[in-house]
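Have a look at the structure below before the remarks.
The values are calculated or read from the model by the stated rules, or taken from the named source; none is laboratory data. In this text, all values refer to a predicted model and were calculated from it rather than measured experimentally. All Cβ positions, even for glycine, are placed from backbone atoms using ideal geometry, and neighbour counts span all protein chains on display.
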Amino acid sequence: MNAFAATKLLAAENLTRAFPIRHGLAALLSGGHSPAIRALNGVSFSIGAGETLAVVGESGCGKSTLARALVRLIALDAGRIIFDGEEVGALAGAALRRYHRRAQLVFQDPYSSLNPRMTVGETLAEALTVHRMVSPAGRAARVAELLGEVGLPAVAAARLPHALSGGQRQRVALARALSVRPEILIADEIVSALDVSVQAQIVNLLIDLQERLGLAILFISHDLRIVRHIAHRVIVMYLGRIVESGPADAIFAEPMHPYTAALLRAVPQIGAGRSKAIALGGELQSPLDLPSGCAFHPRCPHAMPRCRTERPELRPIASGRLAACHLSG
Amino acid sequence: MTAPLLSVQDLMVRIGPLRPISCIGFDVAAGEMLGIAGESGSGKSLTLRAILGLLPSSASVEGRVLWAGQDLLQLSPRALAGVRGREIGMVFQEPMMALNPVLPIGLQITESLRAHLGLRGAAARTRAAELLDRVGIPAARERLGSFPHEFSGGMRQRAMIAIALAAEPKLLLADEPTTALDVTIQDQILKLLLRLRDELAMSVVLVTHDLGVIAETCDRVVIVYAGRVQESGPVAEIFARPAHAYTEGLLRSLPDPRRARQRLVPIAGSPPDPTELPAGCPFAPRCPAAIPACLATVPPLAPAGPRRVSACLRAGELTARALAPA
């Protein structure tokens with residue numbers, strides 16, 4: 001059973017977003033419908049307080065669009081996000097600011113998300129000021145406290161981002177997100193650009209922070225080794241749709257969707273023995289021209305005639321597990 | 001023991017006041033796939049560029065790069081250009097940066113065929129299509145007219161490999177060729193490199209930060225840190241029993257599926273600032289096994305078992321598993 005289901009913090013229902021592509025003036029004038037990239041196609045899930053839910057999938061699967069849609073950096077065409085009982089799309093003014101405080105997004109590259117001209121202390125103080133978290137008198141003390149929370153020395157407050165290493169910058173980005181005491185952290189590939197030894201430091205920090213602060217973490221990553229380590233539950237996406245979801249242990253032990261199985265086979269492992277067989281042939285289909293039926297069928301080693309015509313619904317297969325495959329269940 | 005195909009000895013690179021490579025050496029045997037692993041700033045990519053004389057003129061390079069009886073570092077630019085691309089091919093991490101965006105793929109291959117082999121016209125086009133087919137690009141003949149932007153990331157990397165293979169080099173240097181790719185495409189490209197290595201009987205030097213990639217593809221591995229070789233030897237043995245505290249630390253910092261949700265064991269601190277390298281072992285400041293001797297002088301590479309060398313003063317205890325885990 002999912003221990004976090006009782007305390008559902010955020011629920012996404014049928015999230016859908018397409019990005020239209022305009023092909024020149026002629027196409028526009030002729031009035032033909034313009035093609036669109038369907039980045040999110042009916043994505044539904046929920047995440048509980050204190051839970052780590054990982055979203056995995058390859059480039060173009062929609063995972064970064066999902067991260068941005070959750071904090072309303074990108075508008076939805078359809079679907080709704082319920083946070084703590086309120087519909088996020090209907091929020092405005094002070095209520096929206098409050099949501100933006102409670103749900104924090106952290107990006108892959110802290111070098112481009114930190115202001116290069118502001119010291120670490122100024123960056124952290126700005127977040128505190130915007131959300132009126134502390135009195136001006138208490139600001140410096142809170143900045144020092146935040147640096148301590150993410151394992152940085154207090155002297156780091158005087159540094160500029162360029163004087164920090166990649167791992168230290170990612171700690172600053174986390175400190176900024178934590179400064180406003182969020183309830184959910186949306187982490188978009190936050191360890192992907194780091195060296196392994198430093199990656200392990202940040203992974204430990206996330207596990208610590210979650211235990212101490214009870215944070216929910218939506219951990220978006222293409223690195224299945226880290227996901228397996230950190231996630232309670234996993235969502236696997238392919239071309240804008242969820243193809244499988246469930247408890248991390250169960251998915252990694254026994255994937256139910258052929259795409260998940262191929263992803264796991266493709267991860268380079270130490271000491272696992274070598275295979276000459278390719279884990280998955282072909283390439284991602286163009287999101288402009290989605291295949292009929294199951295979007296994965298052109299690459300699927302198990303595809304049947306039915307897979308070309310009929311799209312499998314995401315449906316319960318086992319306890320807490322969903323899969324969208326005609327073969328499973 | 002046959003002579004190695006390539007022998008890099010005591011390579012040192014200075015750029016202004018920096019010394020990004022202090023001492024790197026390794027041999028590549030014919031038909032071998034050799035991995036060079038290290039974290040960012042370790043000098044692994046720079047090593048490949050130094051071998052082919054691709055560093056900016058502000059860099060000074062010392063040491064020896066022995067290839068077919070000559071030292072590539074002593075060759076005239078003209079003579080080196082005859083080796084580069086023809087006898088030694090190279091592929092880079094970002095094919096979009098290495099390919100010419102305004103030339104069709106086919107033309108970029110035939111350019112290489114003309115320059116290195118003197119092939120022209122229909123013969124060159126036929127050969128270019130064969131090469132694209134060989135690296136797994138479907139409908140190769142039709143794709144000769146495609147531009148790089150019309151290819152996916154994986155297809156671009158395949159096209160880059162086709163260009164590098166045009167002159168049938170004996171050695172392919174691959175600098176993080178799969179780092180920018182999705183995991184299933186990475187798997188395809190790695191399997192392609194292994195197949196080509198077998199079919200063409202060439203050697204491959206694969207530079208990567210991903211120890212899993214090394215484990216799945218390479219015969220031997222060279223572990224570099226702060227511009228120095230720390231240890232080298234057969235992949236399976238090094239990963240089973242590292243002979244350097246740095247390798248041990250790297251392996252231990254990886255997630256272990258049997259210990260999900262538990263604390264990982266990172267290496268403390270971060271790699272040394274290249275402007276302030278320590279006097280002794282460059283890893284000593286982060287090393288849980290460091291002893292006073294590690295801080296005094298840089299430990300030299302010493303034998304650490306059959307076909308293995310290590311620059312760790314505690315190599316013997318590490319391979320004997322005599323050191324208690326930190």
Open item on the list: I'd like the residue in segment A:284-329 that is under 26 Å from the mean Cα position of the chain (by Cα) and of a type in the set (D, E, K, R) and, out of all such residues, is nearest to residue B:181 (Cα to Cα).
Closed with: A:299
Task: Considering residues of segment B:292-310 that are touching a helix residue (DSSP H, G or I) at 6+ places or on another chain (Cβ under 9 Å) and assigned to a loop (DSSP other than H, G, I, E, B) only, the residue nearest to residue B:232 (Cα to Cα) - done: B:308
Open item on the list: I need every pair where a residue in segment A:296-317 that is closer than 22 Å to residue A:280 by Cα has its Cβ under 7 Å from the Cβ of a residue that is among the basic types (Lys, Arg), sequence separation at least 6 or different chains.
Closed with: A:297/A:308
TODO: May I ask you to say which residue of A:235, A:186, A:217 is within 14 Å of chain B (Cβ to nearest Cβ) and crowded, with 18+ Cβ neighbours inside 10 Å?
DONE: A:217
- [ ] Scan segment B:235-264 residue by residue and report those that are outside any loop (DSSP other than H, G, I, E, B), farther than 27 Å from residue B:194 by Cα and aliphatic (A, V, I, L, M).
- [x] B:245
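Among the residues of segment A:158-171, is there at least one that is assigned to a loop (DSSP other than H, G, I, E, B), without any contact (Cβ under 8 Å) to a residue 24 or more places away in the chain, within 14 Å of chain B (Cβ to nearest Cβ) and not acidic (Asp, Glu)? Break it down stepwise before answering.
Going residue by residue through segment A:158-171, those that are assigned to a loop (DSSP other than H, G, I, E, B) are A:159-160, A:164-165.
Adding the requirement that they be without any contact (Cβ under 8 Å) to a residue 24 or more places away in the chain leaves none.
Within segment A:158-171 (the criterion being assigned to a loop (DSSP other than H, G, I, E, B), without any contact (Cβ under 8 Å) to a residue 24 or more places away in the chain, within 14 Å of chain B (Cβ to nearest Cβ) and not acidic (Asp, Glu)), the answer is no, since none of the residues qualifies.
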- [ ] Provide a single number: the residues in segment A:31-74 that are assigned to a strand (DSSP E or B) and charged (D, E, K, R).
- [x] 1
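So is residue A:254 of a type outside the set (Lys, Arg), loosely packed, with under 15 Cβ neighbours inside 10 Å and within 30 Å of residue B:213 (Cα to Cα) or not? Talk me through it step by step, then tell me what you get.
Values: of a type outside the set (Lys, Arg): yes; loosely packed, with under 15 Cβ neighbours inside 10 Å: yes; within 30 Å of residue B:213 (Cα to Cα): yes.
Yes: the conditions hold for residue A:254.
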Open item on the list: All but one of (1) within 13 Å of chain A (Cβ to nearest Cβ); (2) within 27 Å of residue B:274 (Cα to Cα); (3) out of contact with any helix residue (DSSP H, G or I) (no Cβ under 6 Å at 6 or more places or on another chain); (4) not charged (D, E, K, R) hold for residue B:186; state the number of the condition that does not hold.
Closed with: (2)
TODO: Exactly one condition in (1) closer than 22 Å to residue B:48 by Cβ; (2) outside any helix (DSSP H, G or I) is not met by residue B:190; state its number.
DONE: (2)
- [ ] Please give the number of the condition residue A:144 fails out of (1) away from every other protein chain (no Cβ under 13 Å); (2) aliphatic (A, V, I, L, M); (3) surrounded by fewer than 20 Cβ atoms within 10 Å (Cβ to Cβ); (4) not in a helix (DSSP H, G or I).
- [x] (4)
Task: Which listed residue is farther than 30 Å from residue B:43 by Cβ, in contact (Cβ under 8 Å) with a residue 40 or more places away in the chain and part of a helix (DSSP H, G or I), from B:149, B:116 - done: B:149
TODO: Can you work out which of the residues in segment B:235-250 that are within 8 Å of chain A (Cβ to nearest Cβ) and touching a Leu at 6+ places or on another chain (Cβ under 7 Å) is surrounded by the fewest Cβ atoms within 10 Å (Cβ to Cβ)?
DONE: B:239
- [ ] Would you check if there is a residue in segment B:292-302 being at pLDDT below 95 and crowded, with 19+ Cβ neighbours inside 10 Å?
- [x] no
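Given the structure, is residue A:261 in a loop (DSSP other than H, G, I, E, B) and over 30 Å from residue A:152 (Cβ atoms)? First the steps, then the outcome.
Numbers: in a loop (DSSP other than H, G, I, E, B): no; over 30 Å from residue A:152 (Cβ atoms): yes.
Here the answer is no, as residue A:261 does not meet what is asked.
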Open item on the list: Residue under question is residue A:299, and the condition is that it be within 12 Å of another protein chain (Cβ to nearest Cβ), in a loop (DSSP other than H, G, I, E, B) and touching a Gly at 6+ places or on another chain (Cβ under 6 Å); does it hold?
Closed with: yes
TODO: Give me a count of the residues in segment B:253-274 that are modelled with pLDDT of 90 or more and within 22 Å of the chain's Cα centre (by Cα).
DONE: 2
Open item on the list: So for segment B:205-218 (the condition being away from chain A (no Cβ under 14 Å), within 18 Å of residue B:28 (Cα to Cα) and touching a Gly at 6+ places or on another chain (Cβ under 6 Å)), does at least one residue qualify?
Closed with: no
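Among the listed residues A:272, A:279, which satisfies the condition of being facing another protein chain (nearest Cβ under 9 Å), part of a loop (DSSP other than H, G, I, E, B) and farther than 20 Å from residue A:237 by Cα? Outline the logic, then answer.
Numbers: A:279 fails: farther than 20 Å from residue A:237 by Cα.
Going through A:272, A:279 in turn, just one is facing another protein chain (nearest Cβ under 9 Å), part of a loop (DSSP other than H, G, I, E, B) and farther than 20 Å from residue A:237 by Cα: A:272.
Scan segment B:227-234 and tell me whether some residue there is within 11 Å of chain A (Cβ to nearest Cβ), surrounded by 15 or more Cβ atoms within 10 Å (Cβ to Cβ) and either free of Cβ contacts under 8 Å to residues at least 12 places away in the same chain or part of a strand (DSSP E or B) (or both).
No, segment B:227-234 has no match at all.
Can you find a residue in segment B:31-48 that is surrounded by fewer than 18 Cβ atoms within 10 Å (Cβ to Cβ) and under 17 Å from residue B:205 (Cβ atoms)?
As a first pass, look at segment B:31-48 and keep what is surrounded by fewer than 18 Cβ atoms within 10 Å (Cβ to Cβ): B:31, B:40.
Going one step further and asking which of them are under 17 Å from residue B:205 (Cβ atoms), we end up with B:31.
The answer is yes; a qualifying residue exists.
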TODO: Might you check whether a residue that is at pLDDT below 95 and under 27 Å from residue A:67 (Cα atoms) occurs anywhere in segment A:267-275?
DONE: yes
